[in-house]
1. Examine region 30-41 for a residue that is assigned to a loop (DSSP other than H, G, I, E, B) and in contact (Cβ under 8 Å) with a residue 12 or more places away in the chain, and state whether such a residue exists.
2. Report, ordered by the first and then the second residue, all pairs with beta carbons closer than 7 Å, sequence separation of six or more or different chains, a first member in region 55-77 that is within 12 Å of ILE45 (Cβ to Cβ), and a second member that is surrounded by 13 or more Cβ atoms within 10 Å (Cβ to Cβ) and among the aromatic types (Phe, Trp, Tyr).
3. Do you know which of the residues in region 19-31 that are out of contact with any helix residue (DSSP H, G or I) (no Cβ under 6 Å at 6 or more places or on another chain) and surrounded by 11 or more Cβ atoms within 10 Å (Cβ to Cβ) is modelled with the lowest pLDDT?
4. Name the single residue that is farthest from the chain's Cα centre (by Cα) among those in region 1-25 being assigned to a helix (DSSP H, G or I) and of a type in the set (Gly, Ala, Ser).
5. Please find, among MET46, MET51, the residue that is in a helix (DSSP H, G or I), within 24 Å of ILE67 (Cβ to Cβ) and either in contact (Cβ under 8 Å) with a residue 12 or more places away in the chain or out of contact with any His (no Cβ under 7 Å at 6 or more places or on another chain) (or both).
Amino acid sequence: MKQKTLSEMCESSNSHINQIECGNKQPSLTMLKKISISLGVPLPIMMFLSMSREDIVQTKMESFSSIKETLDDICHKVIGNEQIRTN
């Protein structure tokens, strides 16, 4: 999906969507919900797929590592896109 299309669906500017995508701006929860709906991806799955190892506290890393791949596979099946891969 093009940024312009997403920005229109989210009732936002193309510049705002670009800043979010580039990591220059943090979206509000309301904006995350709009993006989630526009992309057809449940918000919890979108948030999980955006996580990286740097987001996990060291004491939870072993647990995270043991479930990450399985949860990634489940999430991709739910959204129907096997081509997206996460960190």
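The values are calculated or read from the model by the stated rules, or taken from the named source; none is laboratory data. None of the values given here were measured: they were computed from a predicted structure. Virtual Cβ from ideal backbone geometry, glycine too; neighbours counted across all protein chains shown.
1. Yes; the residues of region 30-41 include at least one that is assigned to a loop (DSSP other than H, G, I, E, B) and in contact (Cβ under 8 Å) with a residue 12 or more places away in the chain.
2. LEU71/PHE48; CYS75/PHE48
3. Selected residue: GLU21.
4. Ranking the qualifying residues of region 1-25, first place goes to SER15.
5. After ruling out the rest, the residue left standing is MET46.
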